[in-house]
Amino acid sequence: MTPEDFAALLTPEGRALLDSLRDYDPGQELAVATRLRREHPAPLVSAALGQARLRQRAVAKFGAEDAFRMYFTPGGGEMATRASVASYRAGRLAALGVRSVADLCCGIGGDALALARLGIRVLAVDLDPLTVAVARANAEALGLADLIEVREADVTEVDASSYEAVFIDPARRGGRGRIFDPESYSPPLSWAVEAARAAKHAAIKIAPGIPHEAVPAEAEAEWISDHGDVKEAVLWFGTAPGTIRATLLPGPRELLTADPLPDPEAGPVGRYLYEPDGAVIRAHLVAEVAARLDGRLIDPTIAYVTADELRPTPYATAYEITDVLPFGLKKLKALLREREVGILTVKKRGSAIEPEELRKKVKPQGPNAATVFLTRVGGAPSMLIGSPATQPAG
Ligand SMILES: C[S@@+](CC[C@H](N)C(=O)[O-])C[C@H]1O[C@@H](n2cnc3c(N)ncnc32)[C@H](O)[C@@H]1O
């Protein structure tokens, strides 16, 4: 899609065409395109069909109400922050008293929109002309154009000193896919850190796999998950240096410390197994969760906590364990047959076996459900069988 194709989508004809495609079935694309081309120019029809597909895909991130009013580029939709995470982060900036933000690397505007929705004035900057046009259209489509100035520029040449905070979300995908080296981000992480240091408040969005050693000493590091999936890490400047935080959405349910506990002891598997949320694991806060549960690890290298009592926790999912066995397919198959388990949830940590492969091999059959954990206990490949425990209120 060129900026010209996109501009055509914003004409009254383009908007009406796109709105008519809200429920269109991409499987019928050829027939729909042929019909529409009788009444509209071919480039407009193909831009509208492409945009309709992108809107459908964006529903998971932005919800139907916004996604069907917004515009996307193929890469921009994928790179955009999901609304739940963007609005949580915008809320943190608002709570710091921030009223204006320079969003350096704004993409299609996922973060800028969330900030403006809290009444924060935003300068949204991106290098790519089509992305800029899309971000501008999104600000208008959601009635936020008064609060968002979208500018086409290289962020490394923008003076953001008049803004109370900067937010930087460097591009972490290139022509060949995901980029893992933070110095290959665009712009590089070292540039973003310097820009953050110069601001009163700053947040840099980065990949959740960032090693803890790479977190600058004066930054707070936060790992954010949404419905159990780890979405991102954020380096905060101007908040609480040295703090490590895991934030679980929805909620937010937060766990933080500036003085992490040492790794917990490992010991025998108790009646309950707790699977910590991914944000807790990435933030290296499993010891904090284990301490709250009076629990221990099942293995020094595995992030499963075990305890003999069931305690409520928002940071982990609890399972009641009925069997702890050395790993063995035959044994597992026999046990599942005996218990008539047909609904088998496979979880793994520290095992190379793929859940689908295991399910195919054991062929579960029957009316009952169970969860099997493929993992290591005290260094030995093991299987733990159990089922989700109903957490006591508290
Ligand atoms: C990860 S996306 C931003 C997504 C955005 N936060 C959102 O939620 O929609 C990164 C963006 O940075 C832009 N970018 C990369 N290098 C840039 C630079 N030097 N100056 C301005 N924009 C840049 C890319 O064009 C891309 O749109």
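The single condition among (1) farther than 15 Å from residue 283 by Cβ; (2) at pLDDT 95 or above that residue 221 does not meet is (1).
Go through the stretch 206-225 and give me each residue that's charged (D, E, K, R) and open to solvent by less than 10 Å² (accessible area, probe 1.4 Å). Matches in the stretch 206-225: 220, 222. In the stretch 184-279, counting only strands (runs of 3 or more DSSP E) that sit wholly within it, the ones holding 2 or more residues that are within 21 Å of residue 291 (Cβ to Cβ) span 220-226, 244-249, 253-257, 272-276. In the stretch 342-355, the residues that are closer than 22 Å to residue 305 by Cβ form Cβ pairs under 8 Å with partners that are at pLDDT below 95 and open to solvent by 60 Å² or more (accessible area, probe 1.4 Å), at six or more places apart or across chains, as follows: 346/359.
Among the residues of the stretch 228-249, are any within 17 Å of the chain's Cα centre (by Cα), buried (at least 22 other Cβ atoms within 10 Å of the Cβ) and not assigned by TED's automatic domain parsing to the domain that holds residue 90? Among the residues of the stretch 228-249, not one is within 17 Å of the chain's Cα centre (by Cα), buried (at least 22 other Cβ atoms within 10 Å of the Cβ) and not assigned by TED's automatic domain parsing to the domain that holds residue 90, which makes the answer no. Scanning the stretch 137-173 for residues that are of a type in the set (S, T, N, Q) and either within 13 Å of the ligand (Cβ to nearest atom) or in a strand (DSSP E or B) (or both) yields 138, 156.
Report yes if residue 51 is surrounded by 15 or more Cβ atoms within 10 Å (Cβ to Cβ), of a type outside the set (Val, Ile, Thr) and under 19 Å from residue 126 (Cβ atoms), otherwise no. Yes; evaluated as a whole, the condition is true for this residue.
Taken over the stretch 103-130, the criterion of being surrounded by 24 or more Cβ atoms within 10 Å (Cβ to Cβ) and in a helix (DSSP H, G or I) is satisfied by 110, 111, 112, 113, 114, 115, 116.
A quick yes/no check of all residues on (1) open to solvent by less than 20 Å² (accessible area, probe 1.4 Å); (2) more than 28 Å from residue 51 (Cβ to Cβ); (3) within 23 Å of the chain's Cα centre (by Cα):
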residue: 141; (1), (2), (3): no, no, no
residue: 153; (1), (2), (3): no, no, no
residue: 161; (1), (2), (3): no, yes, no
residue: 165; (1), (2), (3): yes, yes, yes
residue: 183; (1), (2), (3): no, yes, yes
residue: 188; (1), (2), (3): no, yes, yes
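Is at least one residue of the stretch 86-107 in contact with a strand residue (DSSP E or B) (Cβ under 7 Å, 6 or more places away or on another chain), among the basic types (Lys, Arg) and within 11 Å of the ligand (Cβ to nearest atom)? Yes: one or more hits.
For first residues located in the stretch 89-101 and assigned by TED's automatic domain parsing to the domain that holds residue 151, partners that are among the basic types (Lys, Arg) and open to solvent by 30 Å² or more (accessible area, probe 1.4 Å) and lie 6+ apart or on another chain with Cβ distances below 7 Å form the pairs 99/121; 100/121.
The values are calculated or read from the model by the stated rules, or taken from the named source; none is laboratory data. Treat the numbers as computed from the prediction; the structure is a model and nothing was measured. Methodologically, a virtual Cβ is constructed for each residue, glycine included, from the backbone with ideal geometry; neighbour enumeration extends over all protein chains shown. Just so you know, the surface numbers come from the protein's heavy atoms only, side chains and all, with ligands and any DNA or RNA stripped out. Shrake-Rupley method; radii C 1.70, N 1.55, O 1.52, S 1.80 Å.
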